[in-house]
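A.B. asks: Structure in structure tokens, see below.
Nothing in this text is a laboratory measurement; each read-out follows from the coordinates by a stated rule. Note that the coordinates shown come from a computational prediction; the quantities given were computed from them, not determined experimentally. Backbone-built Cβ (ideal geometry, glycine too); neighbour counts: all protein chains shown.
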Amino acid sequence: MYLTHEGGENVTIANDVHELIRTAVAKEYHDLFFKPQLAGWQLIGRNILATTLLAELSLEQGQIMINYLKFQAQMDLSEHRRPQIGAWHYQQDDLSIDLRLATVGDYLNRESLVVRLLAQETKSCAFINPERYQELHKLLKRRGLLVFAGPTGSGKTTLMYHLAQELSQQATVLTIEDPTEIVEPHFIQLQVNEEAQMTYPALLKISLRLRPDVLVIGEIRDQETAAIAVQAALSGHLVLATLHARSASGVIKRLLDLGVHNSSLTNALTACCYQRLIPTTADETLKIALDLLPPDLITAAINKPSNELHNWWTDLQAAQKDGTITEQTLQDYLWG
């Protein structure tokens, strides 16, 4: 599929990468993997629906392509063992996309490479139950902290950006991410850079001095980030953030585990959500299933933390009954 050429190596490798990236964008892959094998590499693409083997590359073919990508991302070509990260703003013809690269070697010094493709615009959001989005949208007027949970690729950032875009006409929106996943010219967008001492906590602290109306935090990942996010919410900001949890109620348990005091959480937290992108019967179009823990249930959930689901089963069963999803999809996603 790729690198089946002789001669003109520099020109042809650029064409091969161009073809690969165009394929990835067309198929909506959010990751490309170069997975080491004994005889070379497997080139794998992953989107929401599936992981697909794109090609089997020989040792020479794979190394040429990996070196080209690393060079473009300003990474050390001679380093095959230690972890590296890099970035490349790819632009060719009518295609423009930001790529984030990460490499590391295994115990045999075989290098793995992951290329993350970052969205260039906020996609529209469609919901299994549109009324759930309306409930969420109304909560934006309350300010405070809204937390979104769900696995990688479940549309959390897309939904947060969608909500923030609706407010950006009259409000200042500031985002902090690692890395920035969606380019939005109407927002102030800050990106974590550990080497430059631009950590999540450091950027959060300075961002509050910029006095944004809406603060979008890519991920609450430690005690300090959680404390600053809660403090920002208590001081009158609308804070939208993601966090790793397996349900809307699980968000509360996780925040308590990160050291947020019960009383602070009670006063700061407006709502929390858990979401997945669910394939529908309409050509497997993806829609968001949203488990929403509303304000009137927050206090009880804080006093008795759990991982229970709320409207999840009701919404999925209703979607299966009206033909939006299949019975198999219902069973696949029944537990979140």
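A.B. asks: Only four residue types carry charge here, +1 at the Cβ of Lys and Arg and -1 at the Cβ of Asp and Glu. Report the dipole size of the chain about the Cα centre in Debye, rounded to the nearest 20.
C.D. replies: In total the dipole reaches around 1220 debye.
A.B. asks: Something else: With the alpha-carbon atoms as the only input, what is the per residue convex hull volume for segment 9-118 in Å³? Please report the intermediate quantities before stating the final value.
C.D. replies: Values: hull volume 10.8 nm³, N = 110.
Value for segment 9-118: 98 Å³ per residue.
A.B. asks: Another question, then. Calculate the translational D of segment 128-193 in whole µm² s⁻¹ from Stokes-Einstein, where the hydrodynamic radius comes from the Kirkwood formula applied to all Cα pairs, the temperature is 4 °C and the viscosity 1.567 mPa s.
C.D. replies: Working: Rh = 13.2 Å.
D = 98 µm²/s.
A.B. asks: Which order results if Phe148, Phe33 are arranged by neighbouring Cβ count within 10 Å, fewest first?
C.D. replies: With the fewest neighbours first, Phe148, Phe33 line up as Phe33, Phe148.
A.B. asks: Enumerate the amide H contacts of Ala55 below 5 Å, restricted to partners 5 or more residues apart or on another chain; note that Pro and chain-start residues carry no placed amide H.
C.D. replies: Leu43
A.B. asks: Could you tell me which of Ala282, Ser264, Asn311 has its Cα farthest along the dipole of segment 130-333 towards the positive end, charges placed at Cβ (Lys, Arg +1; Asp, Glu -1), taken about the Cα centre?
C.D. replies: Final value for the positive-end residue is Ser264.
A.B. asks: Would you kindly derive the ³J(HN,Hα) couplings of segment 44-49 from the backbone phi angles with the Karplus curve 6.51 cos²θ - 1.76 cosθ + 1.60 (θ = phi - 60°), listing them in order in whole Hz, with x for Gly and Pro?
C.D. replies: Along segment 44-49, the couplings run 10, x, 9, 10, 4, 8 Hz.
A.B. asks: Just rank Asp257, Asp94, Asp16, fewest to most, by other beta-carbon atoms within 10 angstrom.
C.D. replies: Values: Asp257 12, Asp94 5, Asp16 19.
Going from sparsest to densest Cβ surroundings: Asp94, Asp257, Asp16.
A.B. asks: How long is the chain along each principal axis, judged by its Cα atoms, biggest number first, in Å?
C.D. replies: 67, 50, 41
A.B. asks: Is there a pair in Lys253/Lys304; Lys35/Lys156; Lys138/Lys205 whose C-alpha atoms are over 19 Å apart, and which pairs would that be?
C.D. replies: Details: Lys253/Lys304 9 Å; Lys35/Lys156 27 Å; Lys138/Lys205 28 Å.
Exceeds cut-off: Lys35/Lys156; Lys138/Lys205.
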